[in-house]
1. For V85, indicate whether it is outside any helix (DSSP H, G or I) and open to solvent by less than 30 Å² (accessible area, probe 1.4 Å).
2. Can you tell me which condition R63 does not meet? The list is (1) closer than 18 Å to V76 by Cα; (2) crowded, with 16+ Cβ neighbours inside 10 Å, and all the others hold.
3. In this structure, is E14 among the acidic types (D, E), in contact with a Ser or Thr (Cβ under 8 Å, 6 or more places away or on another chain) and exposed (fewer than 12 other Cβ atoms within 10 Å of the Cβ)?
4. Is it true that some residue in segment 57-67 is farther than 29 Å from D4 by Cβ, in contact (Cβ under 8 Å) with a residue 40 or more places away in the chain, out of contact with any helix residue (DSSP H, G or I) (no Cβ under 7 Å at 6 or more places or on another chain) and not small (G, A, S)?
5. Do you know which residues across segment 63-82 are modelled with pLDDT of 95 or more and outside any strand (DSSP E or B)?
6. Starting from residues that are open to solvent by 70 Å² or more (accessible area, probe 1.4 Å) and free of Cβ contacts under 8 Å to residues at least 24 places away in the same chain, keep the ones in segment 23-43 and report whichever is nearest to G62 (Cα to Cα).
7. Please go through (1) assigned to a helix (DSSP H, G or I); (2) in contact with a Gly (Cβ under 7 Å, 6 or more places away or on another chain) for A27 and return the number of the only condition it doesn't satisfy.
8. Anything in segment 25-57 that is within 20 Å of W71 (Cα to Cα) and modelled with pLDDT under 85? List them, or say none.
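The values are calculated or read from the model by the stated rules, or taken from the named source; none is laboratory data. Bear in mind that the values here come from a model prediction, so they are computed numbers and not experimental data. When we count neighbours, we look across all protein chains shown, and the Cβ atoms used for this are built from the backbone with ideal geometry, even at glycine. Only protein heavy atoms, including side chains, enter the accessible area calculation; ligands, DNA and RNA are left aside. Shrake-Rupley method; radii C 1.70, N 1.55, O 1.52, S 1.80 Å.
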Amino acid sequence: MVRDWPAAELIETERLVLEPLRISHAAEMAPLLNDERLHEFIGGEPAGPEQLRARYTRQVTGRSPDGSQGWLNWIVRHRATGDAVGTVQATVRLDGDREV
């Protein structure tokens, strides 16, 4: 079953801003995510800007190819500096399971 999934929206806190993912974020995020030690925790390996751009192109659609999962993705910024400090991803499945 394919359904329409909600889109990621801007979320702001006192310290952080969660910006909905855009393909253009790839160039900024590639150096930030280019640490082998980080991938010990999140899996995979560092991706270059073009690989990250391809991944973000898939992710900004907001759903899995078969439509069975909704994807919400954000770039996390430090409010005071505007610097990107990470990402947040959430997956919602048709059966109601959620993963952050």
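1. Values: outside any helix (DSSP H, G or I): yes; open to solvent by less than 30 Å² (accessible area, probe 1.4 Å): no.
Considered against the rule, which asks whether it is outside any helix (DSSP H, G or I) and open to solvent by less than 30 Å² (accessible area, probe 1.4 Å), V85 comes out as no.
2. With (1) closer than 18 Å to V76 by Cα; (2) crowded, with 16+ Cβ neighbours inside 10 Å applied to R63, the lone miss is (1).
3. Working: among the acidic types (D, E): yes; in contact with a Ser or Thr (Cβ under 8 Å, 6 or more places away or on another chain): no; exposed (fewer than 12 other Cβ atoms within 10 Å of the Cβ): yes.
It is false that E14 is among the acidic types (D, E), in contact with a Ser or Thr (Cβ under 8 Å, 6 or more places away or on another chain) and exposed (fewer than 12 other Cβ atoms within 10 Å of the Cβ).
4. First, pick out the residues of segment 57-67 that are farther than 29 Å from D4 by Cβ: none.
No, because not a single residue in segment 57-67 is farther than 29 Å from D4 by Cβ, in contact (Cβ under 8 Å) with a residue 40 or more places away in the chain, out of contact with any helix residue (DSSP H, G or I) (no Cβ under 7 Å at 6 or more places or on another chain) and not small (G, A, S).
5. R79, A80, T81, G82
6. Of everything passing the filter in segment 23-43, S24 is nearest to G62 (Cα to Cα).
7. (2)
8. I42, G43, G44
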